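This is the structure I want to talk about, given as structure tokens.
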Amino acid sequence: MHATDSHSFTISHFNLLDSTNTFLKNHLLNYPDYSVIWADEQQQGRGRFNRTWKTAPGRDLTFSILLPLDNLNKKHWPNISQITACAIIRLLIEYKMVPNFKWPNDVMVSNKKISGVLCERVKKDQTPFVVVGVGLNVNSDSKFLKQLDKPATSFYSELSSELSRQEILNKFLSFFSNLLDHLQLKGFLNIKKELFNQLMFKGEMISVTDGTNTFHQGILLDLNTDGTLKINCEKCGVINLSTGDINKPNFV
Ligand code: BTN
């Protein structure tokens with residue numbers, strides 16, 4: 001199975017895996033560049049900050065892409081997770097949704113999370129790669145979504161119709177491929193501008209946590225061209241963050 005753009009993605013579809021990221025990391029030598037590992041169900045889906053990622057078996061999308069980094073300027077390596085979020089945003093817009101970008105790489109619709117990205121760097125024969133893991137809520141229903149610990153939504157919840165996961169995956173890969181080309185040839189600036197348009201909490205007070213503990217509180221100023229977030233921290237002045245989880249203060 002190949003997407004139509006310049007990168008040739010090969011999709012391997014599994015019924016059940018522990019985690020598509022973990023599987024790909026453990027079987028690097030068996031899969032060529034641009035392999036996509038797609039599982040209908042993950043028993044140990046992982047998110048950022050060691051959180052678990054739960055999806056409705058057979059109804060949502062969980063997949064990981066094996067992306068070589070040796071053909072990309074090193075300064076753009078940290079941008080991969082954000083071009084992934086940008087591809088998801090373009091995909092949601094194509095389906096007439098109004099997405100928001102929640103730094104560093106979450107995508108929200110109606111203030112609820114619809115997608116998360118987990119990028120993990122690996123080496124194969126001394127060549128650097130990143131495993132790009134994407135969780136996208138497609139056909140999960142409100143009963144399933146309500147039992148998750150944070151507000152979440154899906155294509156089905158927003159559009160009231162079931163969609164083909166294969167079609168959505170193909171479209172995602174096409175957007176992702178275009179963005180990857182753009183990043184390689186022209187850099188991150190235009191993509192940053194696109195993400196800034198959809199950025200949540202612009203000019204608002206936010207708290208920054210490591211998933212549990214708050215380590216900064218301040219006004220969100222800007223998304224920087226290197227993908228970091230500029231905030232005016234109450235205690236330490238203007239700083240650039242490279243990691244964290246942002247929310248309105250006291251957001252549960
Ligand atoms: C997050 O929001 O914290 C990131 C969630 C990433 C979940 C995806 S699902 C496919 C891939 N396999 C995993 O175990 N995690 C990522």
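Please treat every number below as a calculation from the coordinates, not as lab data. Source: prediction; values computed, not measured. Note that each Cβ is placed from the backbone with ideal geometry, even for glycine, and that neighbours are counted across all protein chains shown.
In Å, what is the Rg of the alpha-carbon atoms in the stretch 25-84, and how long is Dmax?
Every Cα atom of the stretch 25-84 included, Rg and Dmax give 13.6, 37 Å.
Restricting everything to alpha-carbon atoms, can you work out Rg to Rh for the stretch 146-227 with a Kirkwood hydrodynamic radius?
Radius of gyration over Kirkwood radius for the stretch 146-227 works out to 1.05.
Could you order peptides 56-68, 158-170 by the average number of other Cβ atoms within 10 Å of their residues, highest first?
56-68, 158-170
Let me ask you something else. Where nothing but the Cβ of Lys and Arg (+1) and of Asp and Glu (-1) is charged, how large is the charge dipole of the chain around its Cα centre, in debye to the nearest 20?
460
In addition: Assuming a viscosity of 1.002 mPa s and a temperature of 20 °C, what translational diffusion coefficient in µm² per second does Stokes-Einstein assign to the chain, Rh being the Kirkwood radius over Cα pairs?
For the chosen part, D equals 116 µm²/s.
Report for the chain the percent antiparallel among DSSP-assigned beta bridges with both residues inside it, nearest 5. All intermediate terms of the calculation are to be shown ahead of the outcome.
On the way: 48 of 57 bridges.
Approximately 85 percent, going by the DSSP bridge assignments.
Please name which of H216, A39, T22 has its Cα lying farthest along the dipole of the chain towards the positive end, using unit charges on Cβ (Lys, Arg +1; Asp, Glu -1) and the Cα centre as origin.
Of the listed residues, the answer is H216.
For I93 and K124, what does the FRET efficiency come to when R0 = 30 Å and r is the distance between their Cβ atoms, rounded to the nearest 0.05?
That gives a FRET efficiency of 0.30.
Could you give the length gained on full extension between T10 and L29, defined as 0.36 nm per residue of separation minus the Cα-Cα distance, in nm?
5.4 nm
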